[in-house]
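Readers should treat all values here as calculations from the given coordinates under stated rules, not as data from a laboratory. As the structure is a prediction and not an experimental result, all values here were calculated from the model. We place every Cβ from the backbone using ideal geometry, glycine too, and count neighbours over all the protein chains shown.
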């Protein structure tokens, strides 16, 4: 997808439907590169890849959140790693192309019920019956000066049962 003359790679076109246990999160990151000799002039493309590093079930309080969501007392703690590759040009006589690689780790919490289909969530997680998928809904990148890049990523993290027991 090309927007504002920047090619965005890694945005998911086919998002899941009928999702039950999920979290959307907007991640804003400013990355300052150390090599000041290769100043950013024009961003050509940005690619993002997202991987789940770990999944852990944690106990929390059972109550109603400020947003009105009923909290079951169980959440999946999902650690995701977003890896970015940004291609850019410099403003020199030879106009060279450079690639900047950076990554960002984020912890996402997904509220899950105490039981799904009559099975305790602890048993489902322990038996590896819960999978977590990540989707990049949107991506935006802009230069914030000759050595700084702003990255905004809209991330959807979806937990689902792999198959019934």
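Of the numbered conditions (1) under 20 Å from the mean Cα position of the chain (by Cα); (2) more than 27 Å from residue 42 (Cβ to Cβ); (3) surrounded by fewer than 16 Cβ atoms within 10 Å (Cβ to Cβ), residue 162 satisfies every one except a single condition; which is it?
So the condition that residue 162 fails would be (1).
Please work out which residue is nearest to residue 90 (Cα to Cα), limiting yourself to region 109-143 and to residues that are touching a helix residue (DSSP H, G or I) at 6+ places or on another chain (Cβ under 7 Å) and either free of Cβ contacts under 8 Å to residues at least 12 places away in the same chain or part of a strand (DSSP E or B) (or both).
Looking at the filtered set, the residue picked out is 130.
What pairs can you find where one residue is in region 68-81 and within 12 Å of residue 109 (Cα to Cα), the other is assigned to a loop (DSSP other than H, G, I, E, B), and their Cβ atoms are less than 6 Å apart, with a gap of 6+ or different chains?
71/65; 74/112; 74/114; 76/112
Would you check which residues across region 112-153 are within 19 Å of residue 78 (Cα to Cα) and within 17 Å of the chain's Cα centre (by Cα) and list them?
131, 132, 133, 134, 135, 136, 137, 153 - these are the residues of region 112-153 that are within 19 Å of residue 78 (Cα to Cα) and within 17 Å of the chain's Cα centre (by Cα).
Only one residue in 139, 82, 97, 77 is in contact with a strand residue (DSSP E or B) (Cβ under 8 Å, 6 or more places away or on another chain) and over 30 Å from residue 33 (Cβ atoms), so which one is that?
77
Do we find that residue 146 is under 27 Å from residue 162 (Cβ atoms) and in a loop (DSSP other than H, G, I, E, B) in this structure?
In short, no.
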